[in-house]
Amino acid sequence: MWDYTAKVKDHFLNPRNAGEIARPDLDATVGNITCGDALRIMAKLDAAGRIAEAKFQTFGCASAIASSDALIEIIKGKTLQEASRVTNDDIAAYLGGLPEEKMHCSVMGMEALQKAIAQYRHEPFELEEEGKIVCRCFGVTDKLIEKVIRDHHLRTVDEVTHYTKAGGGCHGCVPEIEAILAKVNGTAPAAAAAPAAPSGKLTNLRRIALVQQVLEAEVRPMLQQDGGDVELVDVDGRRVQVAFRGHCAWCPVSDVTLKGAVEAKLRELVDPQIVVEDVGEKLA
Amino acid sequence: MPKVIYLDNNATTAVAPEVREAMMPFLTDLYGNPSSIHTFGGQVAAHVEDAREALADLLGAHPSEIIFASCGTESDNTAILSALASYPERRHLITTRVEHPAVLNLCQSLAQGGAGKTGYRLTLLPVDAQGMLDLGALESALDDDTALVSVMWANNETGVLFPVEEIGELCRRRGVLFHTDAVQVVGKIPINLAEMPIDMLSLSGHKWHAPKGVGALWVRRGTRFSPLLRGGHQEHNRRGGTESVPLVVGLGKAASFVKRHLAEEQTRVRALRDRLEKGLLATCPDARLNGHPARRVPNTSNISFEYVEGESILLMLDQHGICASSGSACTTGSLEPSHVLRAMGVPYTAAHGSIRFSLSVYTTEEEVDTVLEVLPPIIRRLREISPFGRQAAAART
């Protein structure tokens, strides 16, 4: 059971600002239903450029709904300049604190606000558009990860997960998060696990190189479109072992994807006798 | 605080008053050690043996086949590690994608190996959209290297029953040990182990009105066995550690309690579960049942309310004193929805809004009717707040 403050419970059970606004000046959505939470904020400005009216719609847990409601309470009456300085800490403080694991709910509020303001100003929304996606499970960019590490002096991957959800799904991006932590904090990166050196003759090496090439250029972009990914584990003669990541890892049709897409591509472009095996489970 | 309506009996149950009464003497005057040679301690041993007999009677087993343990997880760990220790030359394990973490996490850690040892080969059997196992997949996974098949009897989240008899037959034909985690079936359906092709079975007392902290492992006579806890000679050298006499006595009493109520579980509890389920599916649009509609234990119903999130539903139910569970990511802190629903291919839009109701012999019709009255407005309200609520309504028209 989560240890929510009375204020979180109150804003969850009796949200003051849930609803829609017709023809809003600001309107932005972050998150999506697959990830388990999504927030849409809408606002109208008055003649002086202040937020005269604001509403939210949220799909998510109690702290996501309460954080959304708190965000609206905080920004009402502010100019966009003032509102753009609102941080997730302001949201958490307004609610008397959030459980550590739920900080991402307040970060989602800040993201939605910044996105709405950026769109209104026709500026790029750098947390979403300019970064590179690090966590494919939850669509989190390096920009956002760097920001929360800097703003909150985060030190561990778990903390980054609490604030952004990044790394909380398939754990495939944990090494990347570690590298970002090291970069931002100016510490030495944790030693990455060295991939097992492929053994075999020259022809085998050539085959491995080709398999890698095809996976990178043809297969991974296709799977990434659906929020999944595949990682090459080993090549033993014509046996190619891969591990599915992201949505593919738990997708019930991943067996079909495996046979239908990955094997077909490799047979077409590398060697017609290639057999693909999913070894993700053994590694999980 | 409103009166509690407890529909979370797959998580834990109320200790039956007669169970509590039976335990009291062993928390007060009769504190002796059953292994002692003196009369004061020794008299306690007879009560431990009575409990063993009562449990054997519930299971259709022989008392000597029962090893008392601290919980279901200990029983599962003991069974799996015992099989591997007994057949050291075999390096293959078979279980399912929808097992309880007590089995799944152990098997996955065994597959990883470590400390210079290569891991076991692990086969995780898939389930279909109704949560049913593909027996063909089991048959083709079984080989001479297989040390153990461990498949739960009923799933804790959906209540779906696996065909343990057919699974056991397949294992026997290949000479492979078969263990079943029966934590969610004991006390809910009649069991006669004497006639079942099962080698080991795990159970946990607090799921059927015994206190927390006591379970048992049943090991068929003649099955190779290797203890997990090595120590004293207790439990015929199969589990070291002084018996928790009050809890074991409680487990025995609970065994007779649920045996007496087995018929009621099949009739009255099942009817209440069906009433709840039918009512919710009829009054809440975009609600779907998770799991096979017929092949289930009588007390469990798992329903997904699309476009809303489970933790929000639970906390609003909590305002009315109603206790249930969810497979939503937010309730576990894991960020991922239930592995069981994912294995069944339940879409994320539905998995995040899944609610499990689990009833018991203490559930009343009035309580079920309260849920039927309270829950539909909660779902409506959360959909109004949700940005996907309109999408849901549009999809219906």
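Derivation of every value follows stated rules applied to the coordinates shown; laboratory data play no part. Just so it is clear, the model here is predicted, and its values are computed rather than measured. Note that each Cβ is placed from the backbone with ideal geometry, even for glycine, and that neighbours are counted across all protein chains shown.
Worth pointing out:
- For the range B:126-184 and the range B:42-58, distance of Cα centres in Å: 31 Å
- Burial order of peptide ranges A:6-17, B:30-41, B:306-317, B:97-108 (average beta-carbon count within 10 Å, highest first): B:306-317, B:97-108, A:6-17, B:30-41
- Highest GNM mean-square fluctuation among B:Gln130, B:Gln319, B:Gln184, for chain B modelled with Cα contacts below 10 Å: B:Gln319.
- Cα centroid of the range A:84-133 to Cα centroid of the range B:257-295, whole Å: 43 Å
- The range B:80-227 shape via C-alpha gyration tensor axes, a/c threshold 1.5: rounded
- DSSP beta bridge pairing in chain B, given as percent antiparallel to the nearest 5: 60 percent
- Per-residue [θ]222 nm for chain B (sum of -39500 (n - 2.57) over DSSP H runs n ≥ 4, rounded to 500): -12500 deg cm²/dmol
- Taking other Cβ atoms within 10 Å as a rough exposure proxy, B:Cys284, B:Cys323 sort from fewest to most as B:Cys323, B:Cys284.
- Too-long pairs where the Cα-Cα distance tops 19 Å, listed order kept, from A:Lys76/A:Lys115; A:Lys55/A:Lys165; B:Lys188/B:Lys278; B:Lys188/B:Lys253; A:Lys55/A:Lys78: A:Lys55/A:Lys165; B:Lys188/B:Lys278
- Only Lys, Arg, Asp and Glu carry charge here, each on its Cβ (+1 for the first two, -1 for the last two); on that basis the range B:332-391 has a dipole of about 460 debye about its Cα centre.
- Residues B:Asp144, A:Asp25, A:Asp89 arranged by fewest to most Cβ contacts within 10 Å: B:Asp144, A:Asp89, A:Asp25
- Peptides A:141-154, B:265-278 ordered by average Cβ neighbours within 10 Å, highest first: A:141-154, B:265-278
- Whole-angstrom gap from the range A:10-46 to the range B:221-254, using each part's C-alpha centre: 57 Å
- Look at the dipole of chain B built from charges on Cβ: of B:Asn302, B:Ala56, B:Leu122, the Cα furthest out on the positive end belongs to B:Leu122.
- Here's how it looks for A:Glu277: its modeled amide H is under 5 Å from those of A:Val240, A:Gln241, A:Val242, which are all 5 or more places away or on a different chain.
- Peptide A:30-38 - average C-beta neighbours from other chains (10 Å radius): 6
- Selection from B:His236, B:Ala137, A:Ala261 lying farthest towards where the dipole of the protein assembly as shown points positive, charges on Cβ: A:Ala261
- Taking Cα centre as origin and charging only the Cβ of basic (Lys, Arg, +1) and acidic (Asp, Glu, -1) residues, the dipole magnitude of the protein assembly as shown rounds to 340 debye.
- In the protein assembly as shown, a dipole from Cβ-located charges (positive for Lys and Arg, negative for Asp and Glu) runs towards its positive end, and of A:Tyr94, B:Ile66, A:His104 it is B:Ile66 whose Cα lies farthest in that direction.
- Helical segments meeting 18 Å axial Cα length and Kyte-Doolittle -0.5 threshold in chain B (DSSP H): B:39-59, B:72-86, B:245-264, B:270-283, B:365-385
- The lysines within cross-link reach of B:Lys117, meaning a Cα-to-Cα straight distance under 18 Å and a gap of 8 or more places when in the same chain, are A:Lys282.
- Partner shielding of B:378-387 amounts to 5, given as the average count of beta-carbon atoms from other chains within 10 Å of each residue beta-carbon.
- Debye, to nearest 20: dipole size of chain B, +1 on Lys, Arg Cβ, -1 on Asp, Glu Cβ: 420 debye
- Here the range A:63-170 has an Rg and Dmax of 13.5, 42 Å, counting Cα atoms alone.
- For the residues of A:54-60, the average number of beta carbons from a partner chain within 10 Å of their own beta carbon is 6.
- Set of aspartates and glutamates near B:Lys3 by C-alpha distance (under 19 Å), chain-local residues within fewer than 8 positions excluded: B:Asp318, B:Glu365, B:Glu366, B:Glu367, B:Asp369, B:Glu373
- Under 17 Å from B:Lys259, Cα to Cα: aspartates and glutamates that are on another chain or at least 8 residues apart: B:Glu18, B:Asp50, B:Glu53, B:Asp57
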